[in-house]
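Novice: Structure incoming, see below.
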Amino acid sequence: MEKRKTFSYARYGYLFSIPFIVAFMLFWLYPILYTAIIGFTDLKGIGTTKFHFLSEPFKNFKTVLTSASFKTALRNTVVIWIINFIPQIVFALLFTAWFTSPRCKIRGQGFFKIVFYMPNIMTAATVAVLFQALFAYPTSPMNDILTKFGIIASPFNFEVSKTSAKLIVAFIQFWMWYGYTMIILISGVLGINPEIFEAAEIDGCTSAQTFFRITIPCLRTILLYTTITAMIGGLNMYDIPRLYLNGGPDNATLTTNVYIYNQAFAGSYMYNRAAAASLIMLIIIAVCSVAIFQMYKEKDPTKVDRKRRHLAAKKEVTE
Amino acid sequence: MKYNLSKVKRVSKPVLVIMYIVCIFFAILSLLPFVVMLVNATRNTYQVQQHAFSFVPSKYLLDNLKILNSKDTFHPIRGFINSLIISSGATVCAVYFSTLTAYALVAYTWKLRGAFFSLVLAFMMIPMQVTSIGFYQMMYRVHMTNNFLPLILPSIASPSMVFFMRQYMIPSLPLEIVESARVDGCHEFRIFNQIVIPMMKPAMATQGIFCFVASWNQLFLPQILLTNKQRYTMPIMVSLLKGDIYKTEYGAVYLGLTLTILPLFVVYFLLSKYIIAGVALGGVKG
Amino acid sequence: MKKLVIALMVLALVTSAVFAGGAAEGAAGKKTVLNIMSFTDEVPGMVTKYFEMHPEEAAKYEVKTTIIATTDGLYQPALDEALKAGGADAPDIYCAESAFVLKYAQGDMADYAATYKSLGIDVDKLLKSADIAQYTIDIGSRKGELVALGYQATGGAFIYNRTAAKKAFGTDDPAVVAEKIGAGTNSWDKFFQTAAEIRKNGVAIVSGDGDIWHAVENSSDKGWIVDGKLYIDPKREAFIDLSKKLKDGDFHNDTRDWQEGWFADMKQAGAKPVLGFYGPAWLINYTIGQNCGDTYGDWGVCAPNIGFFWGGTWVFANKDTKNADIVAKIIKWITLDDSDTGLQYFWANGTLNGEGGTKDCVASGTVMAKSNGELEFLKGQNMFDVFVPANQYANGKNLTQYDETINTYWRDQVRQYTAGAKTREQAIKDFKTQVADNLDVIVE
């Protein structure tokens, strides 16, 4: 292409990236390096600033990886995230399809879009308190409704049952984020050239075909963003599990970030173990991200074009 | 060739009804806790302790307001201004500089581009829990506490926003326009500010809302860094309402929470037209 | 371009805010600044009252208060950082709640506290003349030196509902109720005997297992940590069986403290009427008193079968304070002054902010003896008659700085066992795993 022209402008690439780099180095480099180093030391307790590198450098990592709580936390994080994310992406895509398709003139679309995002505005602390009240035992709105309609015989202790606790946390996450995901996808769809849709109409595509063969592939870049940020957010799940039942009952909703927080703040201030656990999580997240990038790269853009052209050609033949 | 969309095959009636039912169900689901919160703001502590969830508003709204005003630490106007300064500052910095950084990644080919993008992604993956400890310890050491700058300036480096802007720009930014502007003799920076930014409006509005909400609701870092009463943000003031567990005035707390969220609604409604309207990006035809 | 203008405006706002704040502080430079850090407005309110009563001091000092609630666990990190950073912003006076007071009095942060003696307070004489409850001294002492004292006394008693008592025993006489729950026996045997008896009359003896937990916890011989190792005191281990007994016998309404069901039981609106609650004076005034609904005036208080204390705030002085004399005066006034103008007297009689405030138990036995603890809520009964002797039984020697966390884990596991989700051995094993995984404690 115009390689010659862009090459001489390359220095602007560096120039425009400078603010980011400066801010990063000023504010984040020190804390990140500090955390990385601490994982290899014996720093714990408040007020201690002196620390010594451990003779066995990976001792903290071993302690973390072999602790039952960490293993449970990792398992919980993944499980809760999957239960939360699959409905989330399904409904987000569903609503995106409904609200951007010219075939479905749903009146009050604007109202629905606004309302679906609202749960994201509420602070996690408020949400946790409200849901605690909703599912309390023995008296709570949920228990009252279920017993009154005879669905269950006597009040169910939602907070002692490990399954229900996990499901509730997953639901809260879904509730808080499905509108957000939908808005991101809609803004991506708004960026697609409407002429492509017009061409699809002319070709006589059904709405399903339009959605799956055109919209989704064009949303590929945004979908990549959504998947990666959802994965990172999921593996970093912290505020709701901690505020709802503080990882309980019996570690059923303990996620890895709550585990890390406990190491640092449950009483012993074991920053070294918290840092080691953070590094372990960073590696896991990095590996998963690479996997997701690969997954999206396989859908080569030329292949998508080929599919579209193929589809158009097929239509011509049948007409 | 303009195609008459009125001839488009509409979905069948029953399917439309199902769609409406689903949408209304989710709308109720999303609004429910807000209604409860508003209702609780009109009840007093005793009522809230007995039945935390209720749809029947009571008559204690003014009493709760009085309680809030009597609290030595609750000054909603000052808290609002403080929160506004921090959140707007952080949002403007994040949105503008993230778009700039994303533009650098997309519009130009430079040697370290791939490495830089990997750095941005890596930064995004770091669990923020432990780094925030190092962050506020660092701030205490350089005596930057009780200052709004440590809460605003770091957002210049917002990796996930850079990522989003880049993903958005790649399919929707037509480099031909940039080329034609260059031919016209525009400076790169002017091109960015006068051509690229207007085109990125939906993305910037969307991310702007998210950033503003996140910054507004943030409690941990501001609480640790701002210990001067004059600098308290709204969430800090509301958290102070929850004193010892046996003396919390729940009705007033809910009112405080409602007041905290109110400005967010305003901002959201102001920017929401970018989400509803179809500001499509197809600027270049052919 | 527009964005740039907005950005510049915001920047201008920010810098003006930063400098404006700084300028305002500079203008007040004449007075010496006194920093107070607390988690409720109680102590700051007391300091305000002190300066009201001593205008000559008020002219010299300006008080800066920082209040950070303990909910969301934000108070301690902020206090820790402020103490560590030192300098002009470090607190001169700071407070700690019973849940974490050990850390500041005897544990990791104890070195930041000044001994009362070093401030110039005649500790030995005042402790004796004010007759301060022993447990609050024990908790506030670092290696035998007093560094903190609580102003409240939170010794616990049994607070019972008179109508429920009449339904259970036919009478609401405190002496009878006390005997029925085994007052003075220091055991739960009579308690459970009575629980079974009154169950036949449809009365639950307590609301949930949380109600007996504080009595169990505080009456154990040793704390959770002995020689750096986790130690499960047999009396605390017995709680797992006591809780199961309560559930199996249906002796309670299976509520959880601080939740809806527990509050509902305070106005007798639960599944069964509840006989009573174990708690200190503040439970009456702030919790039951607020939630009792129509049952106001229908309550009584009697001695418990096991002595304990629950809650309280301790007041500390910073060892690096530059205002030792005023700090000493304030602290002495709050914790050791047993005269009619001392804080203890105001606090006990509810007269801190004029007449009619809530009465509470205070640490000074001398003040309690000359104060009036009669409450309408208790049908005119004088609560001090019961609470003063109750304070003697409180044990201040079996606490550790990790109690808050360890207690949470323990009660969580007990709840799982009681609900039938796991065996007794598994519950104890999981408890040990949790402590080992999250705290720097050796667990065998």
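The values are calculated or read from the model by the stated rules, or taken from the named source; none is laboratory data. Every value quoted in this text rests on a predicted model; they were computed, and no experiment measured them. Because the Cβ atoms are built from the backbone with ideal geometry, glycine has one as well, and the counts that use them run over all protein chains shown.
Novice: For region C:232-269, which positions are outside any loop (DSSP other than H, G, I, E, B), within 19 Å of A:Asn157 (Cα to Cα) and of a type outside the set (Ser, Thr, Tyr)?
Specialist: C:Ile240, C:Lys244, C:Lys245, C:Leu246, C:Lys247, C:Asp248, C:Glu260, C:Gly261, C:Trp262, C:Phe263, C:Ala264, C:Asp265
Novice: Which one of these does C:Lys31 not meet: (1) at pLDDT 85 or above; (2) of a type in the set (Lys, Arg); (3) farther than 29 Å from B:Gly134 by Cβ?
Specialist: Result: C:Lys31 passes all but (1).
Novice: Still on this model: Taking strands (runs of 3 or more DSSP E) that do not extend beyond region C:270-374, which have at least 2 residues that are of a type outside the set (A, V, I, L, M, F, W, C)?
Specialist: Qualifying strands (runs of 3 or more DSSP E): C:276-279.
Novice: Given the residues A:Ile214, A:Ile196, A:Ile202, A:Ile222, which is the only one that is surrounded by fewer than 22 Cβ atoms within 10 Å (Cβ to Cβ), in a helix (DSSP H, G or I), at the interface with chain B (Cβ under 8 Å from one of its Cβ atoms) and at pLDDT 80 or above?
Specialist: A:Ile202
Novice: What is the one condition in (1) within 11 Å of chain A (Cβ to nearest Cβ); (2) modelled with pLDDT of 75 or more; (3) not in a helix (DSSP H, G or I) that B:Gly282 does not satisfy?
Specialist: Only one criterion is unmet by B:Gly282, namely (2).
Novice: In addition: Which of the residues that make up region C:75-117 are of a type outside the set (D, E, K, R) and either more than 21 Å from the chain's Cα centre (by Cα) or at positive phi (or both)?
Specialist: Answer for region C:75-117, where residues must be of a type outside the set (D, E, K, R) and either more than 21 Å from the chain's Cα centre (by Cα) or at positive phi (or both): C:Ala82, C:Leu83, C:Ala85, C:Gly86, C:Gly87, C:Ala88, C:Ala90, C:Pro91, C:Tyr112, C:Ala114, C:Thr115, C:Tyr116.
Novice: Just for region B:79-131: of the residues that are of a type in the set (Val, Ile, Thr) and more than 24 Å from the chain's Cα centre (by Cα), which one is surrounded by the fewest Cβ atoms within 10 Å (Cβ to Cβ)?
Specialist: B:Thr109
Novice: If you don't mind, there's one more thing I want to ask. I'd like the residue in region A:265-292 that is within 7 Å of another protein chain (Cβ to nearest Cβ) and not in a helix (DSSP H, G or I) and, out of all such residues, is surrounded by the fewest Cβ atoms within 10 Å (Cβ to Cβ).
Specialist: Out of the qualifying residues, it is A:Ser268.
Novice: Okay, moving on. Counting only residues that are more than 10 Å from chain A (Cβ to nearest Cβ), more than 20 Å from C:Ile68 (Cβ to Cβ) and acidic (Asp, Glu), how many does region C:91-118 have? Give the steps one after another, and end with the answer.
Specialist: Here is the first cut: in region C:91-118, the ones more than 10 Å from chain A (Cβ to nearest Cβ) are C:91-99, C:101-102, C:104-106, C:110, C:113-118.
Pick out the ones that are also more than 20 Å from C:Ile68 (Cβ to Cβ) and you get C:106, C:110, C:114-118.
Right, trim to acidic (Asp, Glu) and you get none.
Final tally of qualifying residues: 0.
Novice: Working carefully through the options A:Asn236, A:Asn262, A:Asn257, find the one that is within 17 Å of the chain's Cα centre (by Cα), closer than 27 Å to C:Thr400 by Cα and facing another protein chain (nearest Cβ under 7 Å).
Specialist: Sole residue among the options that is within 17 Å of the chain's Cα centre (by Cα), closer than 27 Å to C:Thr400 by Cα and facing another protein chain (nearest Cβ under 7 Å): A:Asn257.
Novice: Do we have any residue at all in region C:356-379 that's in contact (Cβ under 8 Å) with a residue 24 or more places away in the chain, closer than 29 Å to C:Thr171 by Cα, touching a Gly at 6+ places or on another chain (Cβ under 6 Å) and among the hydrophobic types (A, V, I, L, M, F, W, C)?
Specialist: yes
Novice: Within region A:144-168, which residues are among the aliphatic types (A, V, I, L, M) and farther than 20 Å from C:Ala421 by Cα?
Specialist: Listed by number, the residues that qualify are A:Ile145, A:Leu146, A:Ile151.
Novice: Quickly run through region C:377-425 and pick out the residues that are out of contact with any Lys or Arg (no Cβ under 9 Å at 6 or more places or on another chain), more than 29 Å from C:Gly357 (Cβ to Cβ) and among the aliphatic types (A, V, I, L, M).
Specialist: Scanning region C:377-425 gives C:Leu399, C:Ile406.
Novice: Separate question: Residues in region C:133-156: is at least one among the charged types (D, E, K, R) and in contact with a helix residue (DSSP H, G or I) (Cβ under 6 Å, 6 or more places away or on another chain)?
Specialist: Of all residues in region C:133-156, those among the charged types (D, E, K, R) come to C:138, C:142-143, C:145.
Then drop every residue that is not in contact with a helix residue (DSSP H, G or I) (Cβ under 6 Å, 6 or more places away or on another chain), which leaves C:142.
The answer is yes, given that some residue of region C:133-156 is among the charged types (D, E, K, R) and in contact with a helix residue (DSSP H, G or I) (Cβ under 6 Å, 6 or more places away or on another chain).
Novice: For B:Ala277, state whether it is at pLDDT below 70 and hydrophobic (A, V, I, L, M, F, W, C).
Specialist: yes
Novice: State whether the residues of region A:123-142 include one that is of a type outside the set (Val, Ile, Thr) and touching a Gly at 6+ places or on another chain (Cβ under 6 Å).
Specialist: Yes, that holds for at least one residue.
Novice: Next question, about the same structure. Could you pull out the residue among C:Asn407, C:Asn391, C:Asn398 that is buried (at least 17 other Cβ atoms within 10 Å of the Cβ), in contact (Cβ under 8 Å) with a residue 60 or more places away in the chain and in contact with an Asp or Glu (Cβ under 9 Å, 6 or more places away or on another chain)?
Specialist: On the way: C:Asn407 fails: buried (at least 17 other Cβ atoms within 10 Å of the Cβ); C:Asn391 fails: in contact with an Asp or Glu (Cβ under 9 Å, 6 or more places away or on another chain).
One residue alone meets the criteria, C:Asn398.
Novice: Return yes or no: is B:Phe164 within 12 Å of chain A (Cβ to nearest Cβ), surrounded by 17 or more Cβ atoms within 10 Å (Cβ to Cβ) and in a helix (DSSP H, G or I)?
Specialist: yes
Novice: While we're looking at this one, here's another question. A:Arg4 is checked against (1) at pLDDT 85 or above; (2) more than 9 Å from every other protein chain (Cβ to nearest Cβ); (3) closer than 30 Å to B:Tyr108 by Cα and fails just one. What number does that condition carry?
Specialist: For A:Arg4, the failing item is (1).
Novice: Can you pull out every residue in region A:128-142 that is more than 9 Å from chain B (Cβ to nearest Cβ) and either touching a Ser or Thr at 6+ places or on another chain (Cβ under 9 Å) or among the β-branched types (Val, Ile, Thr) (or both)?
Specialist: Once the filter is applied, which keeps residues that are more than 9 Å from chain B (Cβ to nearest Cβ) and either touching a Ser or Thr at 6+ places or on another chain (Cβ under 9 Å) or among the β-branched types (Val, Ile, Thr) (or both), region A:128-142 yields A:Phe135, A:Tyr137, A:Pro138.
Novice: Let me ask something additional. Hey, can you tell me all the residues within region A:264-310 that are among the β-branched types (Val, Ile, Thr) and modelled with pLDDT under 85?
Specialist: A:Thr302, A:Val304
Novice: Sort out which residues of region B:86-121 are within 7 Å of chain A (Cβ to nearest Cβ) and part of a helix (DSSP H, G or I), and write them in order of number.
Specialist: Taking region B:86-121 first, the residues within 7 Å of chain A (Cβ to nearest Cβ) are B:97, B:100-101, B:103-104, B:108-110, B:113, B:116, B:121.
Across region B:86-121, the qualifying residues are B:Phe97, B:Leu100, B:Thr101, B:Tyr103, B:Ala104, B:Arg113, B:Phe116, B:Leu121.
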